[in-house]
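J.: Below is the structure I would like to discuss, written out as structure tokens.
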Protein chains: 2
Amino acid sequence: MNIPNYLAEHDIKPSYQRIRIFEYLYQKMNHPTVDLIYKTLAPEIPTLSKTTVYNTLKLFVEKGITSTVTIEQNEVRYDALVEEHGHFKCNICGEIKDIPLEIEKLKISSIKNISVEQTQVHLIGKCNKCLTQ
Amino acid sequence: MNIPNYLAEHDIKPSYQRIRIFEYLYQKMNHPTVDLIYKTLAPEIPTLSKTTVYNTLKLFVEKGITSTVTIEQNEVRYDALVEEHGHFKCNICGEIKDIPLEIEKLKISSIKNISVEQTQVHLIGKCNKCLTQ
DNA sequence: AGTAATTTTGTAATCATTACAATTATATAT
DNA sequence: ATATATAATTGTAATGATTACAAAATTACT
Ligand SMILES: [Mn+2]
Ligand SMILES: [Mn+2]
Ligand SMILES: [Zn+2]
Ligand SMILES: [Zn+2]
């Protein structure tokens, strides 16, 4: 994955900050909050502003290369994986994992005559690691 | 449904404000925000404080007679229906409808060896009413 | 009634996010 | 290469939802 190219292909000028922020999202795949991205990158990019992180993520979402995940109220998380998938959050360790979804199963059983454009599935519980220790 | 009894059964002293707030939730079933509850009840209960609405809903959630629904970031909604079910939000008229869920289908296909305690399913799109006009 | 416990209220504090204007960096034209 | 226009980044202030907190009001108990 060539990040500058990927950004350019999606009509985003690949500035240094944008590259670094997308690189973080894409490599970690950890569904970070704005604050985590900022705190992680700020030491390496001393001039980085939190506003830039907000602006950049907003742009990524508009251009379709990033999705948002809102499981807990008052914390939005960001995800470089934009294909439809679900999330599992462990309420012990806090980790958020991707889960595959068979959306069809869901849609068949729900109300007819609606047009569904977006599907959010969030499971919350305890992960295997936290269960066995 | 006798609301004072229902509150008392769940270890909640049925004060006037609590009764009115739960009555609103239960009768409208409209997944309101704190602000909508406050704005609706304030004219009828002139002394009502928004803090009371917050406090009361927090208590209802703790005692298990109300659930929260967070579809859009930065707006939490409340629901007197606590049995597991999904939600569909129309992004034209804004209405939020309940949808039945076959959770088993969902769980079978997802990661094994986890304990799922809560399931949130949110569909977003256009409702039948808005599609046909 | 008198006292204690609980609930409600209003105001101030907090925290995430957005608005905005100034600065810096990049692209284009001369 | 220099000047000019355009775009991106930054820092600070504003907004808005939620929470903290202490005073006032209500309710329960003796
Ligand atoms: Mn994901
Ligand atoms: Mn509902
Ligand atoms: Zn865990
Ligand atoms: Zn609609």
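The values are calculated or read from the model by the stated rules, or taken from the named source; none is laboratory data. Computed from a predicted structure; not experimentally measured. Note: ideal-geometry Cβ built from the backbone for every residue, glycine included; neighbour counts use all protein chains shown. Areas reflect the complete protein model, heavy atoms only, side chains present, ligands, DNA and RNA absent. Shrake-Rupley method; radii C 1.70, N 1.55, O 1.52, S 1.80 Å.
J.: Hey, what do the phi angles of the range B:62-75 turn into as Karplus ³J(HN,Hα) couplings, whole Hz, using 6.51/-1.76/1.60 and θ = phi - 60°, x for Gly and Pro?
T.: Working through the residues one at a time gives 4, 7, x, 9, 9, 10, 9, 10, 10, 8, 8, 5, 6, 8 Hz.
J.: Can you list, shortest first and in nm, the gaps between the label point of A:TYR6 and those of its counterparts in the other copies, using a point 7 Å from Cα in the C-beta direction?
T.: Inter-copy label distances (nm, one decimal, shortest first): 4.9.
J.: Separate question: For label points placed 7 Å from Cα toward Cβ, what is the shortest-first list of nm distances from B:GLU23 to its copies?
T.: Spelled out, the distances from B:GLU23's label point are 6.2 nm.
J.: Give me the percent of DSSP beta bridges within chain A that run antiparallel, rounded to the nearest 5. All intermediate terms of the calculation are to be shown ahead of the outcome.
T.: Working: 8 of 12 bridges.
For chain A, the DSSP antiparallel bridge percentage is about 65.
J.: Could you name the aspartates and glutamates whose alpha carbon sits less than 17 Å from that of B:LYS89, not counting residues in the same chain fewer than 8 places away?
T.: A:GLU117, B:GLU72, B:GLU75, B:ASP79, B:ASP98
J.: Students often get this wrong, so check it: of A:LYS28/A:LYS50; A:LYS63/A:LYS126; A:LYS58/B:LYS126, which have C-alpha atoms separated by over 29 Å? Don't skip to the end; give the middle numbers.
T.: Working: A:LYS28/A:LYS50 19 Å; A:LYS63/A:LYS126 34 Å; A:LYS58/B:LYS126 24 Å.
Exceeds cut-off: A:LYS63/A:LYS126.
J.: Long-range amide H contacts for B:GLU95: which residues qualify at under 5 Å (H placed 1.01 Å from N, peptide plane, sequence gap of 5 or more or a different chain)?
T.: B:CYS90
J.: I've got another one for you. At 10 °C and 1.306 mPa s, grab the translational diffusion coefficient of the range A:62-103 from Stokes-Einstein with a Kirkwood Rh over Cα pairs, rounded to a whole number in µm² per second. Show your work: numbers first, answer last.
T.: Details: Rh = 11.3 Å.
Result for D is 140 µm²/s.
J.: Describe numerically, in nm with one decimal, the distance between label points set 7 Å from Cα along Cα→Cβ at A:GLU23 and at A:GLU83.
T.: A separation of 2.5 nm, rounded to one decimal place.
J.: Continuing with the same structure: Counting only protein heavy atoms and using a 1.4 Å probe, what share of the accessible area of chain B belongs to carbon plus sulfur, as a whole percent?
T.: On the way: 3550 of 7120 Å².
On chain B, the fraction of accessible area on carbon and sulfur atoms equals 50 percent.
J.: Please list the three semi-axes, largest first and in whole Å, of the ellipsoid equivalent to the protein assembly as shown, using sqrt of 5 times the eigenvalues of its alpha carbon gyration tensor. Before the final figure, lay out the partial values.
T.: Numbers: eigenvalues 260, 97, 85 Å².
The equivalent ellipsoid of the protein assembly as shown has semi-axes of 36, 22, 21 Å.
J.: Put a dot 7 Å past each Cα toward the Cβ at A:ASP11 and A:GLU72; how far apart are the dots in nm?
T.: 3.5
J.: If you take every DSSP beta bridge fully contained in the protein assembly as shown, what fraction is antiparallel? Give it as a percent rounded to 5.
T.: Numbers: 27 of 35 bridges.
Approximately 75 percent, going by the DSSP bridge assignments.
J.: Nearest 100 Å², what total accessible surface is buried between chain B and chain A (probe 1.4 Å)? Present the calculation step by step, with values, prior to reporting the outcome.
T.: Numbers: alone 8630 and 8610 Å², together 14210 Å².
Summing both chains' loss of accessible area gives about 3000 Å².
J.: Further question: List the relative contact order of the range B:3-78 as a percent without decimals, with contacts defined as Cα pairs under 8 Å and 6+ residues apart.
T.: Working: 66 pairs, mean separation 22.8, N = 76.
After rounding, I find 30 percent.
J.: B:SER115 label points, 7 Å along Cα→Cβ, one per copy: pairwise distances from this copy to the rest in nm, shortest first?
T.: 4.4
J.: Let me check against my output: what whole-number percent is the relative contact order of the range B:1-130, with C-alpha pairs under 8 Å and at least 6 apart?
T.: Numbers: 149 pairs, mean separation 26.7, N = 130.
Normalised by residue count, the contact order of the range B:1-130 is 21 percent.
J.: Please work out the average accessible area per residue across the range B:15-133, using the 1.4 Å probe convention, and give it in Å².
T.: So the range B:15-133 comes to 52 Å² accessible per residue, rounded to a whole number.
J.: Between the range A:14-28 and the range A:44-107, what is the separation of their alpha carbon centroids in Å?
T.: When both Cα centres are located, 14 Å separates them.
J.: Let me ask something else about it. Mind listing the Cα extents of the range A:1-81 along all three principal axes, in Å, largest one first?
T.: Over the range A:1-81, Cα extents along the principal axes are 34, 28, 20 Å.
J.: Right, another one. Run the numbers for B:ALA42 and B:ASN91: contour at 0.36 nm per residue of separation, minus the present Cα-Cα distance, in nm.
T.: On the way: separation 49, 0.36 × 49 = 17.64 nm, distance 2.74 nm.
Extending this stretch completely gives an extra 14.9 nm.
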